[in-house]
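Visitor: One structure, pasted below without further comment.
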Amino acid sequence: MNFKMEMPLPELLDRLVIVRLKAERIGDKEKEEELEFYNKELENYRKKGLIIKNEWLKKLYEVNGKIWDLEADIRKGKEGELGLEEVGRRAIEIRNLNKTRISIKNEITEVTGSGFKDVKVNHASE
């Protein structure tokens with residue numbers, strides 16, 4: 001049996017913009033197929049009559065782009081060049097941006113009824 005489960009809209013939009021960022025920023029041609037998949041899934045939501053605000057995509061793109069920028073040098077192993085204070089500052093800023101990201105995804109859930117609210121318990125990003 002082959003079961004296909006619909007991806008919740010907030011996750012779909014988040015993944016869509018992350019893959020778009022990867023394709024744009026590192027020129028990952030392999031991501032084009034994945035991007036096509038997410039765009040088709042997005043179109044399926046639209047065909048069902050769901051209104052998908054461009055504002056959500058724009059906000060998620062912006063916040064994920066900022067997270068990407070803050071993580072870039074850390075991912076490249078440049079902690080020594082940055083210094084521990086800068087790495088710590090970036091980690092806190094990333095945590096705060098993730099709060100924003102979660103709130104955008106929760107807004108999408110509230111408005112559309114797709115997916116589940118992300119609630120952090122005993123977590124720094126709550």
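Just so you know, all these numbers are worked out from the coordinates, no wet-lab data involved. Remember, it's a predicted structure, so these values are computed and weren't measured experimentally. We place every Cβ from the backbone using ideal geometry, glycine too, and count neighbours over all the protein chains shown.
Visitor: Between residue 79 and residue 26, take the C-beta separation as r, use R0 = 22 Å, and let me know the FRET efficiency to the nearest 0.05.
Guide: 0.60
Visitor: Pop a pseudo-label 7 angstrom from the Cα along the beta-carbon direction at both residue 51 and residue 87 and give the gap in nm to one decimal.
Guide: 4.7
Visitor: Taking Cα pairs under 8 Å and at least six residues apart, what relative contact order does the chain come out at, in percent?
Guide: 31
Visitor: Related question: Once you've got the Cα coordinates, tell me which of 66/99; 22/47; 76/99; 29/53; 31/59; 47/105 are over 19 Å apart.
Guide: 22/47; 76/99; 29/53; 31/59; 47/105
Visitor: Note down, for region 15-95, the three equivalent ellipsoid semi-axes (square root of 5 times each alpha carbon gyration tensor eigenvalue), biggest first, whole angstrom.
Guide: 32, 16, 7
Visitor: Let me ask you something else. Let's see if you can work this out: charge +1 on each Lys and Arg Cβ, -1 on each Asp and Glu Cβ, no other charges. What is the dipole magnitude of the chain about its Cα centre, in debye to the nearest 20?
Guide: Using only the charged Cβ atoms, the result is roughly 320 debye.
Visitor: Related question: Which whole DSSP H helices in the chain pass both tests: a Cα extent of 18 Å or more along the axis and a mean Kyte-Doolittle value no lower than 0.0?
Guide: 9-26
Visitor: Using helices alone, I'd like the mean residue ellipticity at 222 nm for the chain: each DSSP H run of four-plus residues gives -39500 (n - 2.57), total over residue count, nearest 500.
Guide: -24000 deg cm²/dmol
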